[in-house]
Amino acid sequence: MNRHLALIACGVLCASAAAAENLPSRKAGLWEMTMKFEQMPVQQQTTRQCIDAKTDSMMNANFGGMGQQSCSKRETHKTAKGFTVDSVCSFDGATTTTHAVFAGDLNSAYTVDVTSKRQGGPQPSRMAAGGETHMTISARWTGPCKAGMRPGDMIMPGGIKMNILDIQARRPGRPQQ
């Protein structure tokens with residue numbers, strides 16, 4: 001997978017992980033997610049993801065569990081328009097402090113505004129100087145999953161199809177369901 005696709009997948013997975021605690025599940029079906037990145041070479045990417053209730057719950061449990069093990073802080077608060085999630089997580093010698101604001105309806109459309117700062121560890125080549133990033137995810141439910149899609153399938157830019165549950169299953173030490 002090229003670095004741009006890895007960045008997109010990471011954004012989606014991180015959003016899923018951040019949503020893991022205390023947030024309701026998304027409506028089953030096909031979700032279109034547009035990620036806008038500030039201060040990065042990839043400015044905007046759109047993916048489509050097929051989910052069902054079981055897949056969404058499993059993704060939240062598995063990726064959220066990963067975050068719980070690696071995060072010294074993870075706080076979720078209900079707001080008038082949605083939720084906020086604040087976390088401090090350490091991976092590969094780096095510590096990332098993240099603030100995510102979820103707004104909208106997980107049955108039809110929502111946005112996630114994510115700001116983070118990474119300190120320590122090797123500087124990823126595509127990360128802005130100083131380790132600060134800002135990403136906005138706009139997601140909308142487009143209907144049932146298309147024929148030939150299974151829960152967990154993602155259609156990446158360029159038409160590349162991958163299943164994030166298959167990727168998760170190949171990672172050593174990850175819970176299986």
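None of the figures in this text is laboratory data; all of them are computed from the coordinates on show. Computed from a predicted model, the values in this text were never measured in an experiment. Ideal geometry is used to build each Cβ from the backbone, glycine not excepted, and the neighbour counts take in all protein chains shown.
Here are a few things to note about the model shown:
- The length gained by stretching the chain between Ala94 and Ala169 to full extension, at 0.36 nm per residue less their Cα-Cα distance, is 24.6 nm.
- Within the same chain, aspartates and glutamates fewer than 8 places from Lys81 are excluded, and of the rest, those with a Cα less than 12 Å from its Cα are Asp105.
- Between Lys146 and Met162, residue separation times 0.36 nm minus the direct Cα-Cα distance comes to 4.3 nm.
- A Förster radius of 22 Å, combined with the Cβ-Cβ distance separating Ser72 from His134, puts the computed FRET efficiency at roughly 0.45.
- If you plug the beta carbon distance of Asn107 and Gln44 into 1/(1 + (r/R0)^6) with R0 = 25 Å, you get a FRET efficiency near 0.55.
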